[in-house]
Amino acid sequence: MNQSIDITNMPKHIGVIMDGNGRWAQRRSMIRTLGHRHAMKAVKTAISYCSQIGIKVLTMYAFSTENWKRPVDEVDTLMNLIVEFLLKETPEMKKNNVVLHFIGDLSRLPEKSKRAIEYSVAEMKDNSGLKVNIALNYGGRADIVSATKEICKCVQMGELSVEDINETLFSGYLYTAADPDPDLIIRSGGETRLSNFLTWQSAYSELYFTDVLWPDFGEKEFDDAILYFQGRDRRYGGIK
């Protein structure tokens with residue numbers, strides 16, 4: 001860890017938009033799918049390092065609701081890599097006290113992906129360390145729509161009244177209901193937008209954008225993002 005980091009002012013929840021895998025491969029005259037394979041090493045590093053430095057929640061944007069528009073072979077590769085990663089890395093994550101959780105609509109995933117997810121989640125269910133949310137077939141707008149539908153059902157059944165609905169209640173129906181909102185969102189790869197990631201939850205997140213492509217993102221890059229976060233004056237609309 002960079003010695004300049006204040007360990008008393010760490011973000012509790014970090015969200016990561018892992019971008020730049022395809023460009024990383026193309027710059028090396030590789031096919032795009034090899035970029036995704038190399039990205040798995042950066043995912044492993046991120047989980048290990050965030051666990052080591054005391055981050056409570058890490059949410060990683062693995063596959064968006066829009067990513068189905070990509071070429072079929074790229075989508076298949078991504079789904080296969082998720083299975084491969086889970087089967088290979090689950091024992092070490094379990095040993096390191098990581099808790100694994102998935103957010104998004106998992107119903108559309110291939111059966112082998114669902115089985116790998118069930119296996120990994122079950123293996124780590126009794127752990128108590130870093131919570132890793134993998135956003136898979138996830139979209140921030142879809143998250144909001146899903147929550148709205150669930151609340152409407154509760155109102156129709158008489159379990160809630162319209163007057164009960166407020167921001168706190170609404171947050172409780174999102175995929176991240178059990179987690180604090182992200183303090184810091186990191187996006188690699190040079191783009192400067194959230195791309196439908198944690199749309200509701202990111203209202204007061206600090207946003208850190210870097211040109212570093214995700215397969216090259218390591219501990220130093222995390223330190224740079226945390227130092228940026230610690231340099232921000234977080235007023236939440238008020239005045240200190």
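The values are calculated or read from the model by the stated rules, or taken from the named source; none is laboratory data. In this text the structure is predicted, and so the values were computed from the model without any measurement. Please note: Cβ atoms are built from the backbone with ideal geometry, for glycine as well, and neighbour counts cover all protein chains shown. Just the protein is used for accessible areas: all its heavy atoms, side chains included, with ligands, DNA and RNA removed. Shrake-Rupley method; radii C 1.70, N 1.55, O 1.52, S 1.80 Å.
Couple of notes before you dig in:
- Measuring spread by the Cα atoms of region 1-129 yields a radius of gyration and Dmax of 15.7, 46 Å.
- Taking all protein chains together, Thr45, Thr90 sort by accessible area into Thr45, Thr90, largest first [probe 1.4 Å].
- Spin-label zone in region 130-169 - amide nitrogen under 13 Å from a point set 7 Å from the Cα of Leu106 along the C-beta vector: 133-138
- Among Gly129, Gly140, Gly158: highest mean-square fluctuation, GNM of the chain, C-alpha pairs under 10 Å: Gly158
- Whether region 85-154 is rounded, prolate or oblate, judged on the alpha carbon gyration tensor where a/c under 1.5 counts as rounded: prolate
- Legend: P(r) of the chain from all alpha carbon pair distances, 10 Å bins from 0, whole percents, reading 7, 30, 37, 20, 6, 0.
- Stretching Asn127 away from Lys41 to a fully extended chain increases their span by 28.7 nm, per 0.36 nm per residue minus the current alpha-carbon distance.
- For region 185-240, size of Cβ-based charge dipole, Lys and Arg +1, Asp and Glu -1, in debye: 440
- Helices assigned as whole DSSP H runs in the chain whose Cα atoms extend at least 20 Å along their own long axis and whose mean Kyte-Doolittle hydropathy is 0.5 or higher are not found.
- Difference of contour (0.36 nm per residue) and Cα-Cα distance, Leu87 to Ser4: 26.2 nm
- Look at where the Cα atoms of region 30-55 and of region 200-236 average out, and the two centres are 16 Å apart.
- Each residue, Asn80 and Asn96, gets one label point 7 Å from its Cα in the Cβ direction; the gap between the two is 2.6 nm.
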